[in-house]
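The values are calculated or read from the model by the stated rules, or taken from the named source; none is laboratory data. Note that the structure is predicted; figures quoted are calculated from it, not measured. Neighbour counts are summed over all protein chains in view; Cβ atoms, including those assigned to glycine, are modelled from backbone coordinates with ideal geometry. Areas reflect the complete protein model, heavy atoms only, side chains present, ligands, DNA and RNA absent. Shrake-Rupley method; radii C 1.70, N 1.55, O 1.52, S 1.80 Å.
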Amino acid sequence: MTAKAAELPLTSNADQIVTLAERKTDELVIALVGPVGSGVSKTGEVLMELLRETYKYSIQSIKVSDLIKDASGLVGVDVPAGVNESERVKKLQLAGTKLRGAFGEGYLAEKCIEKIAAHRLEGGGYDDVDGTLIPKPRRQAYVIDSLKHPSEVQILQDVYDGIFWLIGIFAPEEVRRDRLKTKGASTDIDKIIEKDEEEGIDSGQKVRHTIQQSDFFIRNDGQNTDSLKESIGRFLKVIFGTEVVTPTRDEAAMYTAAATAAGSACLSRQVGAAIYSKSGELIGTGRNDVPKALGGLYVFEDGAHDNRCYKWQGRQCHNDSRKEGLYQDITLKLIDAGLLPKNSDYNGVKAALKKTDIKNLIEYSRAVHAEMEAILSVARGEKNGIVGATLYCTTFPCHSCARHIVASGISRVVYIEPYPKSLAITLHKDAIAIKDIVENMVSFVQYDGVSPKNILRLFELRSDRKLDGRAVTANPATASPISRSPLDGYFRREQIVVHRLGTLEAKVQATESGGRDGATESK
């Protein structure tokens, strides 16, 4: 760091005192993520239109597909124009994976940051004060279409902090297939969808994991943009605080499920569930954890009597250890039957078996699943109302839980994270529908709304809601986002505070000194 950088001028006006509040910006960096065919680009168009027309933002769109095409030559991939949609998507997927492999998993996010930095420099984003460029607050939004890897999210969060938002867009697979066909994709649709969600290599596409980090989820399964505009419009009202907006029933319920999940000590994952009756009453909660005698689950307060896996009999995942035993047993049985040579490589056989559904077995876990525990908690509490109720779960139910959900009388399931191991739809397609409100079926739908992690951040009261006894609203054209980030590094913020403090103290001292001098002269 140069001496000049450490001693940036605090203002171009000697009479002005700069405050920390003035050094925050209204800028936004909004990234989109969604499975192929979910309508990410259309969502981006609607978002940019609302920001431009209603909130009076200047907009810069950043297409990651364009960045991939521009850089594809670095990894020897040609992304030609004029090919059909299937070939175009496959080439972009290949180039993106190779670029992440060659330059790091966050490479494409870094290219987005490079674009933003260049735009700020070229678009009047700095004041020149005595030859030093100082970033200035702006009403500017950058919309990134779209991310595919969790590392890309992490880098953008690290750089942009409070002004960064991630919107996850999804639609049922059948809707996404139809959209891909409409755009001209005719071959390899299954492979495109599978590779997009989880490619299986570190540098590959991992949309399924990336979308889970979203700040806001949008279910984009409509035939037009009406519901899309409504969802995005509500999101913007919330992050700008232009009027009173409260959580939906689904948002409040999923927050309960997520909070319940936090209590799980499962070594594999944390899952939470909450059941609400048709009238909206909370009647049961559950998390994936080990059951204890006479009902319920072990909790922290059980202390020395807490026998969850993280501290019981070898502190191991018993589902994993049992599957390891299965791999060994199958290998030995095949050798004994003469179907494998006696000197067979066990690790090689195990790797082959892991490509089968043996890897997905969930039969040997000690934990009760969150959905099952939620149903049991209703029974233990002797509560009514489970028939026709809605179950909220942080993860799509496994096939074992699904059959209990169907049998319980629950009519609707709302989930966030997909669960590829689940055979729920395959085994119970006579009883489960992947859409909202289907007569004589249990509806399984993806969650739509503010991410549970942001419920308090976005809905807590920050200022007076009324003035002279009337509700306060803000003008969208001038409203600031509720989460704004400083334009300067911490060393610069220290300088601002110290400079302001010193200036104010000097003024007070000068005033007091003038008063004393005047009193002396009057004598």
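Please enumerate, by chain and number, the lysines with C-alpha under 22 Å from the C-alpha of K237, excluding those fewer than 8 residues away in the same chain.
In chain and number order, the partners are K24, K42, K56, K229, K453, K466.
On average, how much accessible surface per residue is there in the range 356-409, in Å², for a 1.4 Å probe, leaving out ligands, DNA and RNA? Could you put the intermediate results ahead of the total?
Details: 2360 Å² over 54 residues.
On a per-residue basis, the range 356-409 sits at 44 Å².
If you count only protein heavy atoms and use a 1.4 Å probe, how large is the accessible surface of T473, to the nearest 10 Å²?
Per-residue accessible area (T473): approximately 100 Å².
Leaving out ligands and nucleic acids, and using a 1.4 Å probe, what accessible area per residue does the range 115-271 come to in Å²?
44 Å²
How much of the accessible area of the range 400-449, in percent, comes from carbon and sulfur atoms when a 1.4 Å probe is used?
On the way: 1270 of 2360 Å².
It is 54 percent, rounded to a whole number.
Report the rotationally averaged projected area of the range 415-501 based on its alpha-carbon convex hull, in square nanometres.
Values: hull surface 50.5 nm².
It is 12.6 nm².
For the range 296-408, I need the span (max minus min coordinate) of the C-alpha atoms along each principal axis, in Å, sorted largest to smallest.
60, 38, 22 Å, listed from the longest principal axis down.
Where does the chain land at 222 nm, in deg cm²/dmol rounded to the nearest 500, when only DSSP H runs of n ≥ 4 count, each adding -39500 (n - 2.57), divided by all residues?
Working: 18 runs with 213 residues, N = 523.
My calculation for the chain gives -12500 deg cm²/dmol from helical runs alone.
Would you list T242, T260 from the most to the least accessible area, probe 1.4 Å?
On the way: T242 5, T260 30 Å².
Descending accessible area places them as T260, T242.
When the accessible area of the range 31-95 is computed with all protein chains present and a 1.4 Å probe, what percentage of it is carbon and sulfur? Write out the running numbers ahead of the final one.
Working: 1320 of 2790 Å².
Ligands and nucleic acids excluded, carbon and sulfur give 48 percent.
Could you work out the mean projected area of the convex hull around the alpha carbons of the range 339-497, in square nanometres to one decimal? Don't jump to the answer; show the numbers that get you there.
On the way: hull surface 85.1 nm².
Seen from a random direction, the Cα hull of the range 339-497 projects 21.3 nm² on average.
Taking a virtual spin label 7 Å from the Cα of T478 along the C-beta vector, which residues in the range 23-51 bring their backbone nitrogen under 20 Å of it?
23-28, 51
When all protein chains stay in place, what accessible area (Å², nearest 10, 1.4 Å probe) is found for S321?
Number for this one is 50 Å².
Calculate what fraction, in whole %, of the accessible area of the range 125-263 sits on carbon and sulfur atoms when a 1.4 Å probe is rolled over the protein chains.
Solvent-exposed carbon and sulfur of the range 125-263 make up 46 percent of the total.
Please report, in whole Å³, the volume per residue of the convex hull around the C-alpha atoms of the chain.
On the way: hull volume 141.7 nm³, N = 523.
It comes to 271 Å³ per residue, whole-number rounded.
Angle between the Cα long axis of helix 249-261 and the longest principal axis of the chain, 0 to 90 degrees, nearest 10?
Its long axis makes an angle of about 70 degrees.
Classify the range 176-288 from the C-alpha gyration tensor, please: rounded if a/c falls under 1.5, else prolate or oblate depending on whether a/b exceeds b/c.
Taking the square roots of the gyration eigenvalues as a ≥ b ≥ c, the range 176-288 is oblate.
Per 5 Å bin, what percent of the C-alpha pairs of the range 321-373 does each bin hold, from zero upward?
Per 5 Å bin, starting at 0, the Cα pair percentages come out as 4, 18, 25, 19, 13, 8, 6, 4, 3, 0.
Rounded if a/c is under 1.5, else prolate if a/b beats b/c, else oblate: with a ≥ b ≥ c from the C-alpha gyration tensor eigenvalues square-rooted, which is the range 68-117?
Values: a/c = 2.27, a/b = 1.68, b/c = 1.35.
Since a/c reaches 1.5 and a/b is larger than b/c, the shape of the range 68-117 is classed as prolate.
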